[in-house]
Each structure stands twice: as C-alpha cells, then as structure tokens.
Amino acid sequence: MAGGAPGHGEAAPGDHLQTLYHLWLPGHQVEHGRAPWRDPYSFRPESGPTIDFAGWPFGIVFWPLDAALGHVRGWNVFVLLTYLAAGGLACLWLRELELPRGAALAGGLAFAIAPYRVAQSTGHLLGPISVLLPLALYAVERRRLALAAVAVASIPLSGQVHLALGAVPFVCAYALVRSRDRRMLLGVAATVAAAVGVGLLVKTTTIDHSHLASGRSLHAVSQYSAHWSDLVRRTKGADAERFVFLGWATPVLAALGLALLGRARRGLAVVLGLGVVVPILLALGTHTPLYSPLWHALPPFRYPRVPERLLPIACLCIAALVAFAVARSRRAWVAALAVALLLVDLHVHVYGASAADEHNAAYAALRTAPPGRVLELPVFLPDLHYGSVYEYYDMQAPRERPGGYSTVAPRAAYDLLKTLLPVNCGRFDRAQLATLRRLGVRYVVVHRALFRYRRLPKRGPACTPPPARRLRSFPHLAAGGDVTIFVLGRG
C-alpha cells in the first residue's frame, strides 16, 4: 500500500521500503537482545552500527503488527492506523477548543486526508509523524505539558529535523497564546530545551559524520521548490516532493473560519493564520525572495533540501480553521455537508499496490547460508532511494552489507560506494575483488530489475554487460525471480 510502482520481477523501490525497514528494526533488535536504536547491518564495515532514529516512536507500534501479520500486511495496517490517529487526535484537540462535535469531526477529517499529508504517508515517515502535532496541542489544552514536550521532542528524535524547525516555535507560540501562567511558561521552556537537545543529538551523532556535514546548496533547494500553481494542482507530477495541493474549496472555507475566529479569539487566529501562511511561503523555496535570506541567516536551514517539509503544520491549521467555519452553525446537516465537501475537494490519487516480493527464494537460501557480508548489485550511492530495495530484502535475510539507503550516510561509506560504482559495469578485476575481500564480502546478489536504474562511473572505459554474465564462474547459491546470488570465490 504505497505509490503503486511495478517491481519488474522483484520489490518496487521507494521510500516505503526504507520506512518499513526502520519500523521493523527496533523489534528485530530487541528480539535478539540488542539495543533497539542501533542498525547493525547498513554501511558495514566502513561504519560502526548507526543510530536508527526513524524507529522512534512508531517502531513500538509496528513490532506487534509485524509479528502478527508479516511485513506487508503489517505495513498496510500501520498506514491505516496513522489515518485514524491523525483524524482522531485532531478531533480531540478541536473538542478541547469547545467546538461542536460535528465541526470537530470535519476538522479531524480535513487533517487526516489533507493531500500533502496523504502523499507523504505513501512511504515517507513525515506523514505518520505529523500526528504528533495535534497530540502536542491536545496535551497543551489538557495541561499535560510533559506529554506535549515528549510529542514535540519526538519529531526531531524520529529524524524529521526539518519539520521540528517549524513545529517547535508553532507549538510554543500556541501554548503562550492559550495561557501565560507560570506552569505554562515552564512547560514551554522544557519543550524548547528538549527539542533543541534532541536536534543537537541528531546533528552530532549523524549529520556531522555524513557527506552532508557542511549542508546543502540553494541550488539543491531550488530543484525541490514548489511553484504557486502547485498549490491548486490536484494531479501528482513526476516530482512527488512538489505535490503541495491544498484543495480548491477547503482554503476558502478556512479563510472564512479565520475571519470568524479573529472576532472572538484574536491571538489564536494569529497563530493559526501564521501556521498556514509561513509553511506555504517556505514550501515555495527559492521561487520567493524569502527563502534565500533565511538560508543565509539560520544555519539549520542549510541542511534540508525539500522546503515543503513544514506543510503538515499548514494542513493542521487549515483543518482547524475549517472546523471554526463549520462551527458557525450548530445544525447537524451543515457539518454533514462540510464532510461531504471535504471528501470531494481533498480527494487525490496517490496510492497504489506496489510490488512486494515478500518471500523471495534467493534470500530464503541466503538466510541459512554460512556467515559473510553481502554486496548487492547494482551499487547505488546511499542517497538514492533505489537502495531501499536492499534494506527491504535484508529484513528477509539480515546480513551486514557495505551499502544502505540514507541521505545522511557516514562519509566513509559514501566514499567507498563511489569507488565500487565500476562494478555496475561488470569490472571484477583484481583490485575490485581485493576490495570486496577486505570488506568481508562473501555473497554477491544481482538484482537484474534494478539495472535499469544503475548509476555508472563518470570516467573509465565503456560499460560491459551487467555482472550476471561475468559472475558465472563463481558458485551459484540460489535464484528467486530476478534475483540471483553468487558466492564470491578465490579465483
């Protein structure tokens, strides 16, 4: 239940495989008596066990689902539960603002099926993590400030540091508008301290040791910046990150709600209004004059490359303003009509059945094979999502491997994979074999379907046929679909 990509004989690549891997890893680690926040398989041996930030907090939820239903069905149920959590928590929060039940339900629905949140729930962790926003606001209203601080701090702790850049000031501003007593001030201070501390932890343990330690360029941001027209374009284009559709009637309804709210609760209206406007302007990235000064003035903004990551805040604020507009009338049919309007206006086609290949025969054989690291071909640099396929199959036969998928992969692992790119051309010369033996690689797994996406070295002789032909002299371990495993010999 993801983007609907074909697998061409094996699992379809995509962010959903990476997210599934990170949700599976904590439970797998605990079952084997190891620390749940460690990834002992990726980027080995060039890196020690990396920290699996993305396993928090939903790895706790996914563990029993995976044990009871398996990887694929567990993922599907998890995704559906995140919709229930998003709508339910938003509804609970709006009820705390003394809105009628019908209006609160309409607001909860508007957040649950907000197109950007839906698109980021097909595979990216940002969609599920966005449920922590209404949880934090609900905790503020109930004066459960410790819960609010944990919810906000969990956003950067899950690896969604970019969303935290907007979530922390937004939740703190909301809390100060709702109350300025001593307890609330202490809660806001604790929330900021916790979030900043977690952000620094992620930076020092992961980002500073990656090939992106110096940040990204504005040119990289411009490649992912949305256009004004994308805000009203319902269809999802080739670049999924630029899909920022907000609806056609929903923003109008939210504007009406903002006008009505401004008459009675001006402070709340200002916070929710800015919560809509600021993320939308930042989502446009370099297409407005705002992002460049911000990029230069605030060092944390030099690391993200997708400026749309703050849009879950706008989705929640729009949903709340819609609820205030619906609450103008206490009649049940008005709320029912609003729900019907939202279902039509916010409907988008982003989901599909992605090829899963849950029980691959080749990896089943590898699971019981003698020890040894695995090199999977073609080699992909760590920041390319095609490497997520290898993480997915690693769930079927856990092994240490030099590769992996992470935009903040350790610098040493990134440099190593660059040197291994010639292997994509089948160049198993003495130097390459010596490197693989130094890495402790015993098995070479050829994914023929993925060679359509392979990256080739920029320099060197012309590419020879894919390595499957050149590996015929090595012992053959097993095959399953378009996946073939060879044992690296001494010849």
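A short reminder: the numbers here are calculations on the coordinates, not readings from a lab. Treat the numbers as computed from the prediction; the structure is a model and nothing was measured. Cβ atoms come from the backbone with ideal geometry, glycine included; neighbour counts cover every protein chain shown.
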On a 0 to 90 degree scale, rounded to 10, what angle separates helix 311-326 from the longest Cα axis of the chain? 30
Please give the Cα centre distance for segment 385-435 versus segment 166-217, rounded to the nearest Å. 34
Solution diffusion estimate, µm²/s, Stokes-Einstein, the chain, Kirkwood Rh from C-alpha pairs, 10 °C, viscosity 1.306 mPa s: 66
Mean shadow area (nm²) of the C-alpha convex hull around segment 358-487 is 7.5
What fraction of the DSSP beta bridges in the chain is antiparallel, stated in percent and rounded to the nearest 5? 70
Please state the charge dipole magnitude for segment 347-428, taken about the Cα centre, from unit charges on C-beta atoms (+1 on K and R, -1 on D and E), reported in debye and rounded to the nearest 20. 280
Once amide hydrogens are built 1.01 Å from N within the peptide plane, the residues lying 5 or more places from S210 or on another chain with amide H under 5 Å from its amide H are R411
So which trypsin sites (Lys or Arg not before Pro) in segment 110-163 pass both tests, a DSSP loop state and at most 13 other Cβ atoms within 10 Å of the Cβ? R142
Residue by residue, what Karplus-based ³J(HN,Hα) values in Hz, rounded to whole numbers, does segment 129-144 have, using 6.51, -1.76 and 1.60 with θ = phi - 60° and x for Gly and Pro? 5, 4, 5, 6, 5, x, 4, 5, 5, 4, 5, 4, 5, 8, 6, 9
The helix 59-69 Cα axis meets the longest alpha-carbon principal axis of the chain at an angle in degrees, between 0 and 90 and rounded to 10, of 60
Output the 0 to 90 degree angle, nearest 10, between the alpha-carbon long axis of helix 101-112 and the longest principal axis computed from the alpha carbons of the chain. 30
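So how do 472-483, 267-278 stack up, highest first, on mean other-Cβ count within 10 Å?
267-278, 472-483
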Using only Cα atoms, locate the centre of segment 292-326 and the centre of segment 101-128, then give the distance between them in Å, rounded to an integer. 15
Sorted peptide list for 294-302, 413-421, criterion being average Cβ within 10 angstrom, highest first: 413-421, 294-302
In vacuo Debye sum over C-alpha of segment 384-458, base-10 log of normalised intensity I(q)/I(0) at q = 0.14, 0.26 Å⁻¹, listed in q order, is -0.47, -1.75
Report the charge-dipole magnitude of the chain in Debye, nearest 20, computed about the Cα centre from +1 at each Lys and Arg Cβ and -1 at each Asp and Glu Cβ. 540
In whole Hz, what ³J(HN,Hα) sequence does segment 278-295 give by Karplus (6.51, -1.76, 1.60; θ = phi - 60°), x for Gly and Pro? 5, x, 5, 5, 5, 5, 6, x, 6, 7, 10, x, 7, 5, 4, x, 5, 4
Over the alpha carbons of segment 367-408, what is the largest minus smallest coordinate on each principal axis, giving the biggest first in Å? 31, 18, 15
Alpha-carbon gyration tensor eigenvalues x 5, square-rooted, for segment 71-345, Å: 28, 23, 18
